[in-house]
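> Pasting in a structure now, in structure tokens, and then I'll have a few things to ask.
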Amino acid sequence: MAQWWQILLGLWTVVPAVAGDKLVNICMNAKHHKREPGPEDKLFLECAPWTDNACCTLATSWEAHLDDSLFFNFSMMHCGLLTPACHKHFIQAICFHECSPNLGPWIQLAAPDRQEERVWGAPLCREDCEEWWEDCSSSYTCQSNWDSGWSRGKKHCPVQAPCRPFPDYFPTPTDLCEKIWSSTFKASPEHRNSGRCLQKWFEPTQGNPNVEVALRFANSASAPELSHALAAFSLYPLLRP
């Protein structure tokens, strides 16, 4: 019996970490993503932080920087040019979405009958949402969800959807972060470097802060399921005849 409890104690220690690791370094099953993360030493400009370990390719990183992208069938010029600062935030957000291998805890099927995956509710740090909103306050758009509702394609505004300043469609930083791409992101109240929220861009020389965040959320997500399984396992010697 003593040996049995030693084995059980080891499982309580090791299994959550293993389960969490499986969600930390993966690429989603999506159109422009690699099957597995790995080095990409020539990623373009704002995608460069992920050169050591990326889910995107050089071609995808290039397309992320275009105003009118063939890959994404979308034009950021649907209401005229964005300001340079605003445009930079969108490029960084696209690079983060396409290149990061640390979105595992927030990956889910895009639809029940499809194998393709998407990110849902990834918690962006408070500063990321606030700075994005502030830098886009003088730019224009014609709707709050850039994923859907484009009646004439994603290069033209829908009929009766006037171009207005961003704050008209996104009254708060939370609105911008959470509505812009169908709840891909969630506005977190946590600050950068807290270990509890994701940064959509970071200085490559300072390391990737999102690894710690992904591991924290992965372990947290796997804990309830694992605790039930291990609890049942722990009762086994008591129930044996």
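Read the figures in this text as sums done on the coordinates, not as results from a lab. Everything quoted here is computed from the prediction, not taken from an experiment. Don't worry about glycine lacking a Cβ; one is built from the backbone with ideal geometry, like all the others, and counts go over all protein chains shown.
> Taking the stretch 140-149 on its own, how many of its residues are over 12 Å from T184 (Cα atoms), in contact (Cβ under 8 Å) with a residue 40 or more places away in the chain and surrounded by fewer than 22 Cβ atoms within 10 Å (Cβ to Cβ)?
2
> Turning to a different aspect of this structure: Could you list, in sequence order, all residues of the stretch 117-129 that are crowded, with 17+ Cβ neighbours inside 10 Å and more than 27 Å from H32 (Cα to Cα)?
R126
> Just to be sure I understand, how many residues within the stretch 69-106 are part of a helix (DSSP H, G or I), more than 18 Å from C136 (Cβ to Cβ) and not aromatic (F, W, Y)?
First, pick out the residues of the stretch 69-106 that are part of a helix (DSSP H, G or I): 84-99, 104-106.
The next check asks that each one be more than 18 Å from C136 (Cβ to Cβ); those that pass are 98-99, 104-106.
From what is left, the residues that are not aromatic (F, W, Y) are 98-99, 104-105.
Final tally of qualifying residues: 4.
> List pairs: first in the stretch 163-188 and free of Cβ contacts under 8 Å to residues at least 24 places away in the same chain, second assigned to a strand (DSSP E or B), Cβ under 8 Å, 6+ apart or cross-chain?
Sorted first by the residue in the stretch 163-188, then by its partner, the pairs are E178/F185; E178/K186; E178/A187.
> Continuing with this model, one more query. With the checklist (1) free of Cβ contacts under 8 Å to residues at least 40 places away in the same chain; (2) assigned to a strand (DSSP E or B); (3) of a type outside the set (D, E) in hand, flag the one item S61 doesn't pass.
Tallying (1) free of Cβ contacts under 8 Å to residues at least 40 places away in the same chain; (2) assigned to a strand (DSSP E or B); (3) of a type outside the set (D, E), S61 fails exactly one: (2).
> Any idea how many residues of the stretch 139-191 are assigned to a strand (DSSP E or B) and either within 19 Å of F96 (Cβ to Cβ) or touching a Gly at 6+ places or on another chain (Cβ under 9 Å) (or both)?
The total comes to 4.
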